[in-house]
Amino acid sequence: MLGKRMQEALNEQIRIEAESSQVYLAMASWAEIQPGIDNITAFFYRQSDEEREHMLKLIHFVNDRGGFAVVPALEQPVLTFPSLQHAFKQLLEHEIFVSESINKMVDIALQEKDYATHNFLQWYVAEQIEEEALARTLNDKLEMIGNEKSGLYLFDKDILTVQVVDGNAE
Ligand code: OFO
């Protein structure tokens, strides 16, 4: 059975994952109307879908443990970006924010001696290491490319094949 404090923290994380899905969905929609970046667009749609899966995983966990998962109200995300660099910078900052939030939940699980939730959260800890590493790699590449069109062409060509291995994006 979930304690009250743990349940509140998990419900807050459900909101954050839902919000992440919306943030990346807005990036996808914006990218879709920019010329020539079809794979970058697909990448943002994929990220949005993944965040929704993260939310669902939490919803099932809360309900399976005798709690009640609350489907949250959401703020409208940022809809447009001055450049691709700005969008990817926001993606990295958002992932760092999510990692901090996961870490806070891990702290609460330990304080509450809720070892089942602590164990469950380890998947999110590992996932955040991968996602932050991927976001950093993509930001580094974009910084090198700047506004150079041929670089951007290759970036778009490669983005769906970028792998994350042992916490380092390759
Ligand atoms: Fe939910 O995985 Fe990152 O944010």
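Taking 0.36 nm per residue of separation and subtracting the Cα-Cα distance, what length does fully extending GLU143 through GLN76 add?
Working: separation 67, 0.36 × 67 = 24.12 nm, distance 2.79 nm.
Here the answer is 21.3 nm.
Please compute the length gained on full extension between GLU93 and SER29, using 0.36 nm multiplied by the number of residues separating them and subtracting their Cα-Cα distance.
21.1 nm is the gain from fully extending GLU93 to SER29.
Rounding to the nearest 20 debye, state how big the charge dipole of region 1-145 is about its Cα centre with +1 on each Lys and Arg Cβ and -1 on each Asp and Glu Cβ.
Here region 1-145 has a charge dipole of around 280 debye.
For the pair ASN103 and ASN63, how long in nm is the line joining their label points, each one 7 Å along Cα→Cβ?
So the label points at ASN103 and ASN63 sit 3.2 nm apart.
So between LEU56 and GLU12, what do we pick up on full extension, going 0.36 nm a residue minus the alpha carbon distance?
14.5 nm
Taking springs between alpha-carbon atoms closer than 10 angstrom, which of GLU53, GLU19, GLU143 fluctuates most in the Gaussian network model of the chain?
So, out of GLU53, GLU19, GLU143, the one fluctuating most is GLU143.
Which of the listed residues, SER20, GLN34, TYR115, is farthest toward the dipole's positive end in region 1-122, when Lys, Arg count +1 and Asp, Glu count -1 at the beta-carbon?
Of SER20, GLN34, TYR115, it is TYR115.
Among the helices of the chain (complete DSSP H runs), which have Cα atoms covering no less than 30 Å along the helix axis and a Kyte-Doolittle mean of at least 0.0?
Span-like helices in the chain: 84-111.
Give a quick list of GluC sites (Glu not before Pro) in region 56-140 that DSSP marks as loop, anything other than H, G, I, E or B, with at most 10 other Cβ atoms within 10 Å. Before the final figure, lay out the partial values.
Values: sites: GLU75, GLU93, GLU95, GLU100, GLU112, GLU127, GLU130, GLU131, GLU132; in loops: GLU75, GLU112.
Answer in residue order: GLU75.
Over the Cα atoms of the chain, Rg to Rh with Kirkwood Rh, two decimal places?
On the Cα set of the chain, Rg over Rh gives 1.02.
Leaving out ligands and nucleic acids, note down the accessible area per residue over the chain with a 1.4 angstrom probe, in whole Å².
55
Rule-of-thumb check for region 72-170: C-alpha Rg over 2.2 N^0.38 Å?
Computed over Cα atoms of region 72-170, the ratio equals 1.32.
Peptides 35-41, 136-142: what's the order by average Cβ count within 10 Å, highest mean first? Please list the in-between numbers first.
Numbers: 35-41: 15.3, 136-142: 17.0.
Descending packing order for the listed peptides: 136-142, 35-41.
Using a 1.4 Å probe on the protein heavy atoms, what percent of the accessible area of region 4-100 belongs to carbon and sulfur?
Heavy-atom surface of region 4-100 belonging to carbon and sulfur, 1.4 Å probe: 55 percent.
The values are calculated or read from the model by the stated rules, or taken from the named source; none is laboratory data. None of these values were measured; they are calculated from a predicted model. Note that each Cβ is placed from the backbone with ideal geometry, even for glycine, and that neighbours are counted across all protein chains shown. Accessible surface areas use protein heavy atoms only, side chains included; no ligands, DNA or RNA. Shrake-Rupley method; radii C 1.70, N 1.55, O 1.52, S 1.80 Å.
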